[in-house]
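Only one structure is covered here, and it is reproduced in the block below.
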Amino acid sequence: MNYIVDHSHLLAPQDVRERKGSFYTPKIWVELSQKYLTDVFGADWQDEYYVWDCAAGTGNLLVGLTNKYNIWASTLDKTDVDVMKDRIHNGANLLESHVFQFDFLNDDFSKLPKGLQDIIKNPVLRKKLIIYINPPYAEAGAGLGKKHKEGVASGNKIHVKYADNLSKAKNELFAQFLARIYFEIPECKIGEFSKQKALIAPNFKDFRKFFLAKLKKGFIVPADTFDNVKGKFPIGFKVWDTEGGKHLTKATVDVFDAKGIYCGKKTYYDGEHCKYINDWFRQYHDKKNRPIGILHNNKNDFQHNNQVRITSDDIKDHTTPVTQNNLIMASIYFSVRKCIEATWLNDRDQFLYPNEGWKTDFEFQNDCLAYSLFHNSNNISTQHGINHWIPFMEYEVNARDKFDSHFMMSFISGKKILNGYSSLFEQEEDKLCIKREFSSEAKKVFNAGRELWQYYHTLISSPTEGGREGDVNASLYDIREYFKGRDDKGKMKNQSADEKYNELIDNLRAELKILAAKILPKVYEHGFLKA
C-alpha cells in the first residue's frame, strides 16, 4: 500500500493558508481522507451521502468533492465565509447558498439552512449525512511548565451542556464537536481529523463511555505537516459510524509518514481496563526513610518523558523520594521511560502497570540501575546535599580524598547500609542486601563512566597542571557542568572545549545506547508497553 499523491499546488491562496488561527488541512491529507471515505462508503458515496463541514475555515477540506448539491460548509468566522464565497466566484465547486456562518458550539440548529435542517430532522436522511471536519485542536488547561490557555475551550454552550458526559475531555474543543455531533445528530457518519486522545488518553475515559461509535477505518500522520500545528505527535483521520456502536477497547489505524508513504499499522489500546505505570510505582512510595534523591514522575505517556528525571531536591507534585527501599523500582521506572526515543508516532502511547515478570528478572533490574546511574537525566548534584549516587570507590577513580557517601557502592555490593538510612534494611536483610551482578552491556557502561570519573579526578587533583579545583564528591551532573560551564543566562552549555571530555562522554552515551537497546524488549515483555 503506497498512497503517494501530488500536492504540488495549494488548495487555497497562500495568504489564506497562513492566516493566524486557521486549521488548514494539507492537500496530501485531504486527498487521502477522501480516499478513505470512498473505501468505507463506496465509489458513489458523494452522490449517495450528504456532507457537512461544520468547521470549514476557508473550505479546503471540501476541495476535490464533486457533488456540490450535497455539500454544506459552515464556519465561525464571517471572514472565512467571505473567502469561501470568493472562491466560489473563482470556480470552487460549492453552492453559495450552502456556505454560511454558524457557531457550532453555541448556535441552535434552527439557524441552519432549511435543506440541512431537513436532513438532520429526518432519521432516514440523517443516516446518509457525513460530518466531515478538521476541528480546532486547542485545549484549555495548564500543562506542566506551560501558560494556562484561559477560556480557549470554555464559555460555550456545548462545554456547559455536556460537561458531565465529557468530564476532563471537556477542555478539548474537538471533543466538544464530537459530543454535539454524537448526541444531537444521532446515527450520522463522521470523518474527522483530530488528536488520538479520544482513543487512548486517560482524560478521555468518560468520553469513550458515551461515544459508542464504530471506527470503520483510519490513518495517522505527523501533526507538524499541518499548518499552525507544532509538536511531534500524531493527528489521525477517523471514519466513524455513530449507529449501533459499542465501547472501543482497541483501534488499529494505518500509518503514513510526512511524504504520504505507508509505513504499517498502529494499534491503540483503551485505558478503561488498564492501570498505568504511575499506579504501579505509587505502591513503592517510601515516605518513612531518608531519601537519596527525588524521582520526577508526571503523566504516563511518551509526551511527558522529558519531565522524567532524578534530582537531589525539588520535592513538588509528581515527585517521589528515592530511598534504598525503592531504588530498584525507581531505576526501572526511569529506564523504562527513557530507553525508547519519543517520536511523533508513539507520543500518546501510555506506559502501563507491568506484569510480575520484572520481580525475578534480576538482570533487567540491574541493567536499569546501571542505565539510571549514568543517564543525562540523572541530575543529582552536590549543590543540594551529599551525593549518594557515586558508583565507584575512591581507589577506582584515583580520588584525592574520601567520598562523603558510599551508599551506591554498598547497595551494589549487597552490604548493609548504616547511618540510619533505613530500619527496614535490618528487618529484611536477606531480601534487600543483594549483591548486584551486571550484564556485559552494563559493565561496559560502568567502564566508560569510570574513565570519565578518572579524567575528572585527575584534573581536580592537579589544578596547577591544566586542571582546576572541583568537588571530590561530584556527580555525573557536576562533572558535566565542570567541563561545559554555563552561559550568561545560567544554562549549562551544550558543548565543552575539552576534547578529551567530549570523547569520554560520547563513549559513555554510546554504551548507554547499547544498554537501552538491551532493556527495550523487556519493556514489552514485562508489560510496561503494549506492542
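Only the coordinates and a few stated rules stand behind these numbers; no lab work does. Because the structure is predicted, anything quoted here is derived from the model rather than measured. All Cβ positions, even for glycine, are placed from backbone atoms using ideal geometry, and neighbour counts span all protein chains on display.
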When a footprinting reagent is the concern and you count Cβ atoms within 10 Å, what order do His388, His406 take, fewest first? His406, His388
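Among rounded, prolate and oblate, which fits region 14-273 when a ≥ b ≥ c are the square roots of the eigenvalues of its C-alpha gyration tensor, a/c under 1.5 means rounded, and a/b larger than b/c means prolate?
Numbers: a/c = 1.22, a/b = 1.22, b/c = 1.00.
Here region 14-273 falls in the rounded category.
So how much slack lies between Gln101 and Asn228, counting 0.36 nm per residue of separation and subtracting their Cα-Cα distance, in nm?
On the way: separation 127, 0.36 × 127 = 45.72 nm, distance 2.23 nm.
Using 0.36 nm per residue and subtracting the Cα-Cα distance, I get 43.5 nm.
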List the lysines whose Cα sits under 16 Å from the Cα of Lys416, skipping any in the same chain fewer than 8 residues away. Lys431, Lys435
Sort Glu187, Glu469 so that the residue with the fewest other Cβ atoms within 10 Å of its own Cβ comes first and the one with the most comes last. Glu469, Glu187
Can you tell which of Ile434, Tyr456, Tyr482 lies farthest toward the positive end of the dipole of region 429-501, using +1 and -1 charges on the Cβ of basic and acidic side chains (Lys, Arg; Asp, Glu)? Ile434
Residue span Lys287 to Glu394: 0.36 nm per residue of separation minus Cα-Cα distance leaves a gain in nm of 35.4 nm
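Order by neighbour count: Tyr395, Tyr284, Tyr24, Tyr524, fewest other Cβ atoms within 10 Å first, most last.
On the way: Tyr395 7, Tyr284 17, Tyr24 22, Tyr524 12.
Ascending Cβ contact count within 10 Å gives the list Tyr395, Tyr524, Tyr284, Tyr24.
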Entry for percent of Cα pairs over 38 Å apart (calculated from the structure that is shown) out of [x] 28; [y] 41; [z] 24: [y]
Can you spot the lysines whose alpha carbon is less than 21 Å from Lys114's alpha carbon? Ignore those fewer than 8 places along the same chain. Lys68, Lys78, Lys85, Lys127, Lys128, Lys189
Can you tell me the length gained on complete extension of the stretch Leu212 to Arg486, counting 0.36 nm per residue apart and subtracting the Cα distance? 93.3 nm
Return the distance in nm (one decimal) between the two label points of a simple spin-label model at Lys121 and Ser461, each offset 7 Å from Cα along Cα→Cβ. 9.1
If you take the beta carbon distance between Ile514 and Phe183 as r and set R0 to 41 Å, what does 1/(1 + (r/R0)^6) give as a FRET efficiency, to the nearest 0.05? 0.20
Evaluate E = 1/(1 + (r/R0)^6) for Ala497 and Gln454, where r is the Cβ-Cβ distance and R0 equals 22 Å; express this FRET efficiency to the nearest 0.05. 0.65
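With a Förster radius of 45 Å, plug the Cβ-Cβ distance of Asp471 and Asp39 into 1/(1 + (r/R0)^6) and report the FRET value to the nearest 0.05.
Working: r = 64 Å, r/R0 = 1.43.
With a Förster radius of 45 Å, E is 0.10.
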Hits among lysines - C-alpha to C-alpha of Lys266 under 17 Å, sequence gap 8 or more where chains match: Lys195, Lys197, Lys216, Lys217, Lys232, Lys238, Lys250, Lys530
For region 14-273, give me the percentage of DSSP beta bridges that are antiparallel, rounded to the nearest 5 percent. 60
Restricting the count to DSSP beta bridges whose residues both fall in the chain, what percent are antiparallel, rounded to a multiple of 5? 65
For the residue pair Asp82 and Ile434, what label-to-label distance in nm results when each label sits 7 Å from Cα along the Cα-to-beta-carbon direction? 7.1
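When DSSP beta bridges are limited to those with both residues in region 279-525, what percentage is antiparallel, rounded to the nearest 5? Walk me through the numbers on the way to the answer.
Numbers: 9 of 10 bridges.
DSSP beta bridges in region 279-525 are roughly 90 percent antiparallel.
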